[in-house]
Amino acid sequence: EIVVDDQKDSYSKILVPGSDREAFGSCPMIRDWANVGEYPSPLQATGNVSNFVSNHETVLVDIVAHKENETVSREFVRAGPREFIAFHPKTVKACIVTCGGLCPGLNTVVREIFFTLEKRYGVEEIYGIPYGYKGFHSKKLQIRKLTKRLVDTIHYKGGTFLGSSRGGHDTQLITDCIERYGFRHVYIIGGDGTHRGALKIYEEIRRRGLKVALVGVPKTIDNDVPLIDKSFGFDTAVEESQRAIRSAVVEAKSGIHGIGLVKLMGRHAGWICVYGTLSNRDVDICLVPEVPFELEGPRGLYQTIHDCIKAKGRCVIVVAEGAGMDHMQTGKEVERDPSGNVKLADIGLFLKAGINAWFSYNKIEVNLKYIDPTYMIRTVPPNGGDSLTCAILAQNAVHGAMAGFSGFSAGLINTHNVLIPIETLNNTKPKTIHEGSRMWQRVLDSTGQPSLRSH
Ligand code: ATP
Ligand code: MG
């Protein structure tokens, strides 16, 4: 039982008395800084009344307890439709923006926000902000009203129908735009950078005392968003990665001393590589950003590839884009993209050259094929599971905004939907792979790779 209702006296036994429930579970509400009314939800007429969620329900985060230790769980406000809402739907003008890199499912989220607002709540004015944050203030870009016709079929397509971009965040200009248009709901779909920007807009909204619900929907194909079970697009990415890995296996099996090398996404967290490797089960070496490896020496990568070729006649390697960065320090100044993210050197090309050079030096014939499917993976539409995740996140984003919450992101925790304060999300470390974890052990068991380090 991981849902707690403090009005029904159903506190979980693992909560010790006096634990700071309020601080963990609280999610900002507009009434804290602006006047809001209370209106009966239009869902009262159309929906199943028992579906309404009370503001007193929270979801526990830490559900693994140890008998000998007192466990205090963090908790978040449960997402879902409320019986009474803070906005009269006819007064709501909403806008939606997508920021950062592409990820399968962006269009599904946009479409579902539109239809939940329009069909379920009767909101009439919903706008699309073009090309990310800069669309709020660039004179060259046009904010346009969304219609059913415009968004009806976008979920069948990859990418983002609204457009996206990096850079261009200006808190004052964006908030000015929100005020000028009279937006009451602002839906922001994006990753860690986007959420850092969203928090600044939220703080400015509060400072100005605006009656605005600012809502995030977390997006990262890498699956490293903290706290939540899984981010949308990740499952699709793993599924698509199989096509690339299978091609690498076929190439490796078909050539003399074949080596298949696949680079997958994962700047700071190697989840796609790990899940891709575990799904495929023919991968011999999996390299992720969190686990350092050596290139040279008797336990290094090159010798391990050689050992694998001697044993099996081939070697299949999967590498995350952020793995092995310590091998590529060129002494040059780091390059950054317009959002301020460090531009990573290409580990795939680096390894391709390094492996070929090592075997050539040792006068051993190899046939290496390098596959980089990044953009082919990012741009596909979401699979069935991800589509459903997108739809549910979007619906809960709208229900939360309608209820008068602001400065939160919709997320799934322990299979339950919650509202996570953006500040908490931004202040929590991203989900990464731990070398001592059972997940990494599964990778080692599946690949049979050694530690790739001399100590
Ligand atoms: P992903 O990493 O998955 O592509 P992201 O949201 O992290 O997604 P970024 O390009 O880093 O992508 O950021 C998206 C937007 O957020 C950009 O418009 C950028 O200007 C803005 N942004 C990033 N960091 C900040 C920050 N610290 N303050 C304000 N805005 C920011
Ligand atoms: Mg990012």
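What to note about this one:
- Screening segment 147-194 for residues that are within 16 Å of ligand 2 (Cβ to nearest atom) and part of a helix (DSSP H, G or I) and picking the one that is surrounded by the fewest Cβ atoms within 10 Å (Cβ to Cβ) gives Gly193.
- Some residue of segment 222-240 being closer than 23 Å to Lys134 by Cα and either under 9 Å from the mean Cα position of the chain (by Cα) or away from ligand 2 (no atom under 16 Å from the Cβ) (or both): no
- Considering only residues in segment 292-332 that are surrounded by 20 or more Cβ atoms within 10 Å (Cβ to Cβ) and of a type in the set (Val, Ile, Thr), the one that is nearest to Ile347 (Cα to Cα) turns out to be Val319.
- Residue in segment 79-92 that is closer than 24 Å to Leu388 by Cβ, assigned to a helix (DSSP H, G or I) and either more than 16 Å from ligand 1 (Cβ to nearest atom) or not basic (Lys, Arg) (or both) present: no
- Matching residues in segment 340-356 - criterion: being farther than 20 Å from Val316 by Cβ and either more than 16 Å from ligand 1 (Cβ to nearest atom) or in contact with a strand residue (DSSP E or B) (Cβ under 9 Å, 6 or more places away or on another chain) (or both): Val342, Lys343, Ala345
- Residues located in segment 241-270, provided they are out of contact with any helix residue (DSSP H, G or I) (no Cβ under 8 Å at 6 or more places or on another chain), modelled with pLDDT of 95 or more and more than 16 Å from ligand 1 (Cβ to nearest atom): Arg243, Ser247, Ala248, Val250, Glu251, Ala252, Lys253, Ser254, Ile256
- Of all the residues in segment 195-240, those that are touching a strand residue (DSSP E or B) at 6+ places or on another chain (Cβ under 7 Å), away from ligand 1 (no atom under 14 Å from the Cβ) and not in a loop (DSSP other than H, G, I, E, B) number 3.
- Residue satisfying condition, being at pLDDT below 95 and in contact with a strand residue (DSSP E or B) (Cβ under 7 Å, 6 or more places away or on another chain), within set Ser73, Ser50: Ser73
- Residue in segment 62-69 that is crowded, with 17+ Cβ neighbours inside 10 Å, part of a loop (DSSP other than H, G, I, E, B) and in contact (Cβ under 8 Å) with a residue 60 or more places away in the chain present: no
- Residues that are in contact with a Ser or Thr (Cβ under 8 Å, 6 or more places away or on another chain) and over 25 Å from Gly233 (Cβ atoms), drawn from segment 370-403: Met402
- Single residue of Glu124, Glu118 found to be among the acidic types (Asp, Glu) and either surrounded by fewer than 17 Cβ atoms within 10 Å (Cβ to Cβ) or under 19 Å from the mean Cα position of the chain (by Cα) (or both): Glu124
- Residue list for segment 97-146, restricted to those being aromatic (Phe, Trp, Tyr) and assigned to a strand (DSSP E or B): Tyr127
- Residues (loosely packed, with under 13 Cβ neighbours inside 10 Å and of a type in the set (S, T, N, Q)) located in segment 338-373: Ser360, Asn362
- Considering residues of segment 167-182 that are out of contact with any helix residue (DSSP H, G or I) (no Cβ under 8 Å at 6 or more places or on another chain) and of a type outside the set (D, E, K, R) only, the residue farthest from ligand 1 (Cβ to nearest atom): Gly182
- Unmet criterion (only one of (1) within 11 Å of the chain's Cα centre (by Cα); (2) farther than 27 Å from His88 by Cα; (3) of a type outside the set (Lys, Arg); (4) within 15 Å of ligand 2 (Cβ to nearest atom)) for Gly197: (1)
- The criterion of at least 3 residues that are of a type in the set (Lys, Arg) and within 16 Å of ligand 2 (Cβ to nearest atom) is met by none of the strands (runs of 3 or more DSSP E) falling completely within segment 253-329.
- Among residues of segment 233-291 being in contact (Cβ under 8 Å) with a residue 60 or more places away in the chain and of a type in the set (Ser, Thr, Tyr), the one that is surrounded by the most Cβ atoms within 10 Å (Cβ to Cβ) is Thr277.
- Condition check for Arg281 on (1) more than 27 Å from Arg438 (Cα to Cα); (2) more than 16 Å from ligand 1 (Cβ to nearest atom); (3) of a type outside the set (A, V, I, L, M, F, W, C): one failure, at (1).
The values are calculated or read from the model by the stated rules, or taken from the named source; none is laboratory data. Note that this is a predicted model, so its numbers are computed, not measured. All Cβ positions, glycine included, derive from the backbone under ideal geometry; neighbour counts span all protein chains shown.
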